[in-house]
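Below is one structure; the comments refer to it alone.
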Amino acid sequence: MRWLAPGRAAAALLFAGAAVVPLLSRDSFFLDSVILILLWGSLSAAWNVAGGYAGQVSLGHAAFFGIGAYAAALASARYEQSPWLGLAVGVLLSIVAGALIGYLSNRLKGPYFALSTIAFAEVLKIVASRWRGFTAGSEGIPVPYRPGFWTLGLDHVAWLYLALTLALVCYGLQVYLEKSRVGYRLAGVREDEDAAEALGIATRRLKVAAVMLSAALTAVGGSLWAQYVGFVDPAHVFSIDLSIRFALNSIIGGMGTALGPFLGSVLITMLETYLRATFSGMKAGFSGIYLIIYGTVLILVVRFAPEGVTGLADRVWRRRGAARAEAA
Amino acid sequence: MLTLEGVSKHFGGLTAVREVSLQVRAGDLLGIIGPNGAGKTTLFNVIAGYYRPEAGRVVLEGRNVTGLPPHAISRLGLTRTFQIVKPFGNLSVLENVMIGALSPLPSTRQARAEAERVIAVCGLGLHAHARARALPLALRKRLEVARALATHPRLLLLDEVMAGLNPTELVGMVDLVRRLHADGLTIIVIEHIMAAMMRLAQRIVVLHHGEKIAEGTPQEIASDRRVVDAYLGEDFSLAEA
């Protein structure tokens, strides 16, 4: 709410930039990077609906991602149906799962809520690994490539615009959550539940609803990701690494802001790609060094810009505004 | 308007409120006093739905609201403030009050206009865009009142909105409560500060160890032997002086 006009302009620039990329370059590595930035940004925005706007900080969103990924992959690989159908099923299942975990963990706060979501994702990971007859277990499922929109066999340019559409939907939804009646009430719930109750807000119902919406969007992202990458296995799609990634993009970019998750995604995806490319060629002993640098950068950001990049920019902006006002 | 019938609330072996009955009529300005731990805030928590009483009933405008969640009771027209203020710290004063106003009002535009009006009534006009967390205590207490007021309550429960204020701020708050009452709002006030309460309330209920030990006009309370013995004692002679 504080990060308004400059944030909107930055977002417009970001999305417009993504939209013109295919006109400038058809390099598949470059297009792939942009697609992933948009997908991870959208998934992080989905996380932000629960974690940033409703204050329900989850570290188990891979659960919903995995449900979406498996639903789409199984639909096309096992049943030879459209992955869009799988996506719809995945969204419905995720809404049910979100309602379940939202309702069960309703009274838990902060780290306790986060822990319960981790447990939830771990349970799904075990189920997906052991239920070999249905999910093919830990071997995973290769997704067949069948060209066409209905089968989601697309080239890089089409994928880019699809990911951009998802990103715009997620961004728009967040803007709505900042401007609307329900958004204000959600902010009240996030800031102080007792006070929100006193003002007539049904806090439990609103929190569960936020988690359900967040879960649905995450499943959409998971389904599209599965079709884009072409392979699904439980160790990855239900991993805590993924859950952390969704949360981290938002935290680095700025929780509870519409631009934050996308900004975080740009920074982290680029940093990761750059570090991996730079250091992975070194001698075997050093091949993991990019993870150490990556970790160090994250620690520095959390130490010096705890409100994320948008928060930092906001502070600088205000200070300059104040200085100018003083000078005048 | 509000009736309590034999309300009791225990925490384990401790009885915080014991068989309290009282009546609030429309237009009342009722004060509840009592020493620390007398059960005043517990009683508010029972009335507003934060605690479910072990015995007794809470009846609001003829409707039994015992056991309803706080948000449902708030929607029925009873809104409380908190002794330990609970501002939405990262939001502005205006946004805080807007969230209150969004309960009766459907659109953010209407809520913003209403919030601006309430903020002015509560003397927070200069601070509308300040972050709630950055306000000094006196203004955060006012914000509690403003936010509650924005929900358009018919009955307002004020939990120690005067505690911790300096004499000037205290006069301002007494004045605000009086004006709200004069505008027709029914109010229950919990307070520690005797002098303020004596000047403010029409009727006073005295709680001691969770029990109602006296009820009457400020004059009756001040001259009630049991009250003076049990509670007022030194405090009150100071307030009189």
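The values are calculated or read from the model by the stated rules, or taken from the named source; none is laboratory data. If you're wondering where the values come from, they're calculated on a predicted model, not measured in any experiment. Note that we place each Cβ from the backbone using ideal geometry, even for glycine, and neighbour counts take in every protein chain shown.
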Would you point out which residue out of A:GLU191, A:GLU197 is out of contact with any Ser or Thr (no Cβ under 8 Å at 6 or more places or on another chain) and within 14 Å of another protein chain (Cβ to nearest Cβ)? A:GLU191
More than 8 Å from chain A (Cβ to nearest Cβ), part of a helix (DSSP H, G or I) and buried (at least 18 other Cβ atoms within 10 Å of the Cβ), is that true of B:GLU114? yes
Selection count, the range B:53-66, where residues are surrounded by fewer than 22 Cβ atoms within 10 Å (Cβ to Cβ), away from chain A (no Cβ under 14 Å) and part of a loop (DSSP other than H, G, I, E, B): 4
All but one of (1) at pLDDT 85 or above; (2) within 22 Å of the chain's Cα centre (by Cα); (3) farther than 21 Å from A:PRO234 by Cβ; (4) among the charged types (D, E, K, R) hold for A:GLU122; state the number of the condition that does not hold. (3)
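To keep it simple, each residue is scored yes or no on (1) out of contact with any Gly (no Cβ under 6 Å at 6 or more places or on another chain); (2) assigned to a helix (DSSP H, G or I); (3) of a type outside the set (A, V, I, L, M, F, W, C).
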{"residue": "A:ALA9", "(1), (2), (3)": "yes, yes, no"}
{"residue": "A:LEU14", "(1), (2), (3)": "yes, yes, no"}
{"residue": "A:PRO22", "(1), (2), (3)": "yes, yes, yes"}
{"residue": "A:ARG26", "(1), (2), (3)": "yes, no, yes"}
{"residue": "A:SER33", "(1), (2), (3)": "yes, yes, yes"}
{"residue": "A:VAL49", "(1), (2), (3)": "yes, yes, no"}
{"residue": "A:GLN56", "(1), (2), (3)": "yes, no, yes"}
{"residue": "A:LEU59", "(1), (2), (3)": "yes, no, no"}
Out of the residues in the range A:200-211 that are part of a helix (DSSP H, G or I) and under 29 Å from B:GLN83 (Cα atoms), state the one that is farthest from the other protein chains (Cβ to nearest Cβ). A:VAL208
May I ask you to say which residue of A:GLY102, A:GLY55, A:GLY7 is crowded, with 24+ Cβ neighbours inside 10 Å and either touching a residue at least 24 places away in the same chain (Cβ under 8 Å) or in contact with a Lys or Arg (Cβ under 8 Å, 6 or more places away or on another chain) (or both)? A:GLY102
For the range A:127-181, how many residues are within 14 Å of chain B (Cβ to nearest Cβ) and either in a loop (DSSP other than H, G, I, E, B) or loosely packed, with under 15 Cβ neighbours inside 10 Å (or both)? 3
Out of the residues in the range B:99-115 that are touching a residue at least 12 places away in the same chain (Cβ under 8 Å) and not acidic (Asp, Glu), state the one that is farthest from B:ALA132 (Cα to Cα). B:PRO104
So is A:GLY221 touching a residue at least 12 places away in the same chain (Cβ under 8 Å) and surrounded by 24 or more Cβ atoms within 10 Å (Cβ to Cβ) or not? yes
For residues in the range A:217-236 being out of contact with any strand residue (DSSP E or B) (no Cβ under 6 Å at 6 or more places or on another chain) and outside any helix (DSSP H, G or I), which is nearest to the other protein chains (Cβ to nearest Cβ)? A:ASP233
So in the range B:117-131, with the set limited to residues that are in contact (Cβ under 8 Å) with a residue 40 or more places away in the chain and part of a loop (DSSP other than H, G, I, E, B), which one is farthest from the other protein chains (Cβ to nearest Cβ)? B:GLY123
Being away from chain B (no Cβ under 14 Å) and closer than 27 Å to A:ALA119 by Cα narrows A:LEU263, A:LEU291, A:LEU259 down to just A:LEU291
Run A:ALA202 past the list (1) free of Cβ contacts under 8 Å to residues at least 40 places away in the same chain; (2) hydrophobic (A, V, I, L, M, F, W, C); (3) crowded, with 22+ Cβ neighbours inside 10 Å and report the number of the one that doesn't hold. (3)
Subset of the range A:230-284 [without any contact (Cβ under 8 Å) to a residue 60 or more places away in the chain and among the β-branched types (Val, Ile, Thr)]: A:ILE251, A:ILE252, A:THR278
Is it the case that B:ASN90 is farther than 27 Å from B:LEU14 by Cα and touching an Asp or Glu at 6+ places or on another chain (Cβ under 7 Å)? yes
Could you say which residue among B:ILE47, B:ILE33 is within 20 Å of B:PRO218 (Cα to Cα), among the β-branched types (Val, Ile, Thr), in contact with a strand residue (DSSP E or B) (Cβ under 7 Å, 6 or more places away or on another chain) and touching a residue at least 12 places away in the same chain (Cβ under 8 Å)? B:ILE33
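Yes/no matrix, rows are residues, columns are (1) facing chain A (nearest Cβ under 8 Å); (2) free of Cβ contacts under 8 Å to residues at least 40 places away in the same chain:
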| residue | (1), (2) |
| --- | --- |
| B:TYR51 | no, no |
| B:LEU68 | no, yes |
| B:ARG75 | yes, yes |
| B:THR79 | yes, no |
| B:LYS86 | yes, no |
| B:ASN90 | yes, no |
| B:GLU95 | yes, yes |
Being crowded, with 21+ Cβ neighbours inside 10 Å and more than 14 Å from chain B (Cβ to nearest Cβ) narrows A:SER239, A:SER214 down to just A:SER214
Within the range B:61-75, is even one residue in contact with a Lys or Arg (Cβ under 6 Å, 6 or more places away or on another chain) and within 14 Å of B:ASP159 (Cα to Cα)? no
Consider B:PRO35 carefully, then state whether it is outside any helix (DSSP H, G or I) and within 11 Å of chain A (Cβ to nearest Cβ). no
For A:ILE251, which of the numbered conditions (1) buried (at least 24 other Cβ atoms within 10 Å of the Cβ); (2) on the phi > 0 side of the Ramachandran plot fails to hold? (2)
Residue set B:HIS152, B:HIS181; condition farther than 15 Å from B:GLY31 by Cα and either of a type outside the set (Lys, Arg) or more than 13 Å from every other protein chain (Cβ to nearest Cβ) (or both); output residue B:HIS152
